[in-house]
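Novice: Take a look at the following structure, please.
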Amino acid sequence: MKKVITYGTFDMLHHGHIKLLERAKKLGDYLIVGVTSEDFDKTRGKINVQQTLMERIEKVKETGLADKIIVEEYEGQKIDDIKRYGIDIFTVGSDWQGKFDYLNEYCEVVYLERTKGVSSSDLRSKERALTMGIIGDNAKYIEKFQKEDKYVNGIKIVGICSNNLSEMSEDIKNLPYVTNNYEELLANVDSVYVKTKSQYHYEQIKQALEAGKHVLCESPICEDREQCKELFELAKSKNLILLESIRTAYATAYSRLLLLIKSGKIGNVVSVDATCTNMKNMEDNKNKPESMRDWGYNALLPVFQILGTNYLKSNITSFFIDKEKKYDYFSKVDFVYENAVATIKVAEGAKSEGDLVITGTKGYIYVPSPWWKTDYFEVRYEDNKNNERYFYQLDGEGIRYTLVAFTRSVYEKKPIMFIEPNVSQEICKIVGDAYKK
């Protein structure tokens, strides 16, 4: 019996996929189909796969062409599978011509001509022709954000509203809609990314939602718990998406970290300690430190997602550079829970090790600086022989993963909640309290 194996993501299975599977089937007597997992796809740069692994496996199964379906999860698995299953022919689409010639050492390699005029990428792009505008003045970050849309099918940044247009890059200035009038921007886009100071978020988000636009907003959503709740309810009532952008939340490594904790990997969590620091020029009048506004949400995220929002008490301590207490160069927040404690330290006028430590009754998780760009962490135990290290790909500092979640949320007409509403609301409260005091 001649055995054939092929691999693919098979996202949004179309007739091109089916044609390829039919031709692969004709090459032998028994066809094994490897469906690529989400995590492995991310390491290969395919980050906006729209269907889950189980959905894609089911679609392949429904074709009736696969005698066996397996999951591809790691680099080098093809060689292992060829040996394990006694494969005679490895086959894949001709767009990979030459890429897998090294497998000729283990079996025959056949490249099949792809069906022209159809691809999953094209289908995703056509289904999700979502335009986005940006409101904000941070030229450096906005340029970085704008460059990421090319990695995400179906979303296109087409405009900007800013009072700082003179400092924007030529790519930004050449967008179809460039203005300092927010209403004008909203009139020409389907969605908006709010990258302004959090003091202005509430009004800007509300204006966008009332104009019928989907909103992706930099955290915190606002500086008041009830206003945050109101905005989520407004979005829901209008069948619109309001998604909070904390890039850490969308990183694969951070998601896996949360799953390991929930599985009991380090026992019961008794402490979460998160530090985020960045040195600013304190004499720069245009760039005054606002540590809780600029960093508080990042440090609060793991506290509330791991320990929850039902703490018994909290205490905020801030050091300010001015008598009016507008500009905090260092802030520390302590939480007491029924069976745990947490501490965050954020600063724009002081420096410390920006790490994350989660203490458990069996061990602890250590995420090195800068932990908010999570791509690596360690699980450590009393006996260091049992320590484990975890590595995950992080592309575009997490921006593109956030855009993928936003695009999918709009398409599926329901928010993909990497950040729970109660977490968003509590972040708003703590950041707001820091300045009310």
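The values are calculated or read from the model by the stated rules, or taken from the named source; none is laboratory data. Bear in mind the structure is a predicted one, so any value in this text is a computation, not a measurement. Quick reminder, even Gly has a Cβ in these numbers, built from the backbone with ideal geometry, and neighbours come from all protein chains shown.
Novice: What residue, among those in segment 246-287 that are farther than 30 Å from residue 322 by Cα, small (Gly, Ala, Ser) and outside any helix (DSSP H, G or I), is modelled with the lowest pLDDT? Step through it out loud before you land on a result.
Specialist: Residues of segment 246-287 farther than 30 Å from residue 322 by Cα: 247-272.
With small (Gly, Ala, Ser) added as a condition, the list becomes 249, 251, 253, 255, 263-264, 267, 271.
Remaining after also requiring outside any helix (DSSP H, G or I): 251, 263-264, 267, 271.
On the way: 251: 88, 263: 92, 264: 95, 267: 97, 271: 98.
Only one residue tops the list, namely 251.
Novice: Could you check segment 170-194 and list, in sequence order, the residues that are of a type in the set (Ser, Thr, Tyr) and within 25 Å of the chain's Cα centre (by Cα)? Step through it out loud before you land on a result.
Specialist: Here is the first cut: in segment 170-194, the ones of a type in the set (Ser, Thr, Tyr) are 177, 179, 182, 191, 193.
Residues satisfying the conditions are 191, 193.
Novice: Condition first: part of a helix (DSSP H, G or I), of a type in the set (Val, Ile, Thr) and within 16 Å of residue 218 (Cβ to Cβ). Now tell me which residues in segment 394-437 satisfy that. It would help to see each step written out before you state the result.
Specialist: Taking segment 394-437 as the starting set, the residues that turn out to be part of a helix (DSSP H, G or I) are 396-412, 421-436.
Imposing the further condition that a residue be of a type in the set (Val, Ile, Thr) reduces the set to 399, 402, 404, 407, 410, 423, 427, 430-431.
Answer for segment 394-437, where residues must be part of a helix (DSSP H, G or I), of a type in the set (Val, Ile, Thr) and within 16 Å of residue 218 (Cβ to Cβ): 399, 402, 423, 427, 431.
Novice: Please work out if residue 299 is in the same structural domain as residue 376 (by TED's automatic domain parsing), at pLDDT 95 or above, surrounded by 20 or more Cβ atoms within 10 Å (Cβ to Cβ) and more than 16 Å from the chain's Cα centre (by Cα).
Specialist: Criteria met by residue 299.
Matching residues to (1) surrounded by 13 or more Cβ atoms within 10 Å (Cβ to Cβ); (2) among the acidic types (Asp, Glu); (3) in contact with a Lys or Arg (Cβ under 8 Å, 6 or more places away or on another chain):
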site: 321; (1), (2), (3): yes, no, yes
site: 339; (1), (2), (3): no, no, no
site: 351; (1), (2), (3): no, no, no
site: 355; (1), (2), (3): yes, yes, no
site: 365; (1), (2), (3): yes, no, yes
site: 368; (1), (2), (3): yes, no, no
site: 372; (1), (2), (3): yes, no, yes
site: 391; (1), (2), (3): no, no, no
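Novice: State whether the residues of segment 416-424 include one that is hydroxyl-bearing (Ser, Thr, Tyr) and surrounded by fewer than 22 Cβ atoms within 10 Å (Cβ to Cβ). If you could, list the steps in order and put the result at the bottom.
Specialist: To start, the set of residues in segment 416-424 that are hydroxyl-bearing (Ser, Thr, Tyr) comprises 424.
This time we only want the ones that are surrounded by fewer than 22 Cβ atoms within 10 Å (Cβ to Cβ), so: none.
For segment 416-424, residues hydroxyl-bearing (Ser, Thr, Tyr) and surrounded by fewer than 22 Cβ atoms within 10 Å (Cβ to Cβ): absent.
Novice: Counting only residues that are of a type in the set (Phe, Trp, Tyr) and modelled with pLDDT of 85 or more, which one in segment 1-58 is nearest to residue 155 (Cα to Cα)?
Specialist: Applying the filter and picking the extreme gives 10.
Novice: Within segment 207-225, how many residues are part of a loop (DSSP other than H, G, I, E, B), among the aliphatic types (A, V, I, L, M) and either at pLDDT below 95 or buried (at least 22 other Cβ atoms within 10 Å of the Cβ) (or both)?
Specialist: Of the residues in that region, 1 qualify.
Novice: Considering segment 184-206 alone, what residues qualify as being part of a helix (DSSP H, G or I), crowded, with 16+ Cβ neighbours inside 10 Å and aromatic (Phe, Trp, Tyr)?
Specialist: Result: 202, single match.
Novice: Being at pLDDT 95 or above and not in a strand (DSSP E or B) is the filter; apply it to segment 338-351 and report the residue that is nearest to the chain's Cα centre (by Cα).
Specialist: 340
Novice: Among the residues that make up segment 368-377, is at least one of them at pLDDT 95 or above, under 30 Å from residue 49 (Cα atoms), assigned to a strand (DSSP E or B) and touching a Phe, Trp or Tyr at 6+ places or on another chain (Cβ under 9 Å)?
Specialist: Checking segment 368-377: at least one residue is at pLDDT 95 or above, under 30 Å from residue 49 (Cα atoms), assigned to a strand (DSSP E or B) and touching a Phe, Trp or Tyr at 6+ places or on another chain (Cβ under 9 Å).
Novice: When residues of segment 151-182 are filtered for being under 22 Å from residue 241 (Cα atoms) and either crowded, with 22+ Cβ neighbours inside 10 Å or out of contact with any strand residue (DSSP E or B) (no Cβ under 9 Å at 6 or more places or on another chain) (or both), how many remain?
Specialist: Total satisfying the criteria: 9.
Novice: Is it the case, given these coordinates, that residue 336 is within 26 Å of residue 398 (Cα to Cα), out of contact with any Pro (no Cβ under 6 Å at 6 or more places or on another chain) and of a type in the set (Val, Ile, Thr)? Walk me through it before giving the result.
Specialist: Working: within 26 Å of residue 398 (Cα to Cα): no; out of contact with any Pro (no Cβ under 6 Å at 6 or more places or on another chain): yes; of a type in the set (Val, Ile, Thr): yes.
So residue 336 fails the test.
Novice: Restricting attention to segment 167-183, which residues are in a helix (DSSP H, G or I) and in contact (Cβ under 8 Å) with a residue 40 or more places away in the chain?
Specialist: If the condition is that a residue be in a helix (DSSP H, G or I) and in contact (Cβ under 8 Å) with a residue 40 or more places away in the chain, then 182 is the only one that fits.
Novice: Is at least one residue of segment 358-377 in contact with a strand residue (DSSP E or B) (Cβ under 6 Å, 6 or more places away or on another chain) and closer than 15 Å to residue 279 by Cα?
Specialist: no
Novice: Still on this structure, please answer the following. Identify all residues within segment 127-166 that are in contact with an Asp or Glu (Cβ under 9 Å, 6 or more places away or on another chain), at pLDDT below 90 and in a loop (DSSP other than H, G, I, E, B); write none if there are none.
Specialist: The answer is 129, 153, 154.
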